[in-house]
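Okay, structure first, notes after.
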Amino acid sequence: MKKIASLVILAIMIILAFIIFKFNDGEKTIEKAISSSNPIKIIYEEKADKGSIVFYTTKDWNDFSTCFVRKTFNVYKYIYGGTGDVRVSAKKFGFSYAYYPNIEKTPFPIYFGIIGNPEIKKIKVIEKKRNIEGEAKIINAKDERIWLMYMNKFQGSDFEIIGLSADGKELIRIKDNISPWYAEQKPLK
């Protein structure tokens, strides 16, 4: 009987150790989860169902980065992200844009970018396949204006992104085609 009790206790301890190890795999702060070697400056954090979408820059670089970090048991883990020098295109064309694909256990897919034209007050995304449209969320964050569109209700790969003035006048229209492979891309492990 003592042998069975000892085995049960040992099994419980192994399971607890596994759970603690599995769920403590991460960092204590978002900054450390994103980059442990390069300091970053968070521009904006969008709380999402399964973590946060974080817009940030790397100090001493002129980049704009976006990622998704998951939070479990008070630790953060970097799941997916990317970096680009989008400020030039935002100033030249009025706004920049990027698409992050549908990835399991994230709030993706999303379209997002920086608004460089101060006359642009709204961003609208149109799905060409079914002629469905939606208005992006405009975020005034520090020195940037960011637009963010959750793409869950959209389908297909052909989209138009339109920058509008306060009175609804079209200032810029960009046609984008995301490849079917990219739309279904999975993160690298």
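The values are calculated or read from the model by the stated rules, or taken from the named source; none is laboratory data. Note that the structure is predicted; figures quoted are calculated from it, not measured. Quick reminder, even Gly has a Cβ in these numbers, built from the backbone with ideal geometry, and neighbours come from all protein chains shown.
For this structure, a couple of remarks:
- Of F68, F73, F108, all but one fail to be over 19 Å from D143 (Cα atoms) and loosely packed, with under 15 Cβ neighbours inside 10 Å; the exception is F73.
- Scan of the range 90-111 for residues that are assigned to a loop (DSSP other than H, G, I, E, B) and either charged (D, E, K, R) or over 20 Å from K47 (Cβ atoms) (or both), ordered by number: G94, S96, Y97, P101, E104, K105
- Residue in the range 56-63 that is in a strand (DSSP E or B), under 17 Å from G116 (Cα atoms) and hydroxyl-bearing (S, T, Y) present: yes
- Number of positions in the range 75-88 that are modelled with pLDDT under 80 and either outside any strand (DSSP E or B) or of a type in the set (D, E, K, R) (or both): 4
- The residues in the range 144-165 that are in contact (Cβ under 8 Å) with a residue 40 or more places away in the chain and either surrounded by fewer than 18 Cβ atoms within 10 Å (Cβ to Cβ) or under 22 Å from F55 (Cα atoms) (or both) can be counted, and the count is 10.
- The listed residue being in a loop (DSSP other than H, G, I, E, B) and in contact (Cβ under 8 Å) with a residue 24 or more places away in the chain, out of I126, I120, I114: I120
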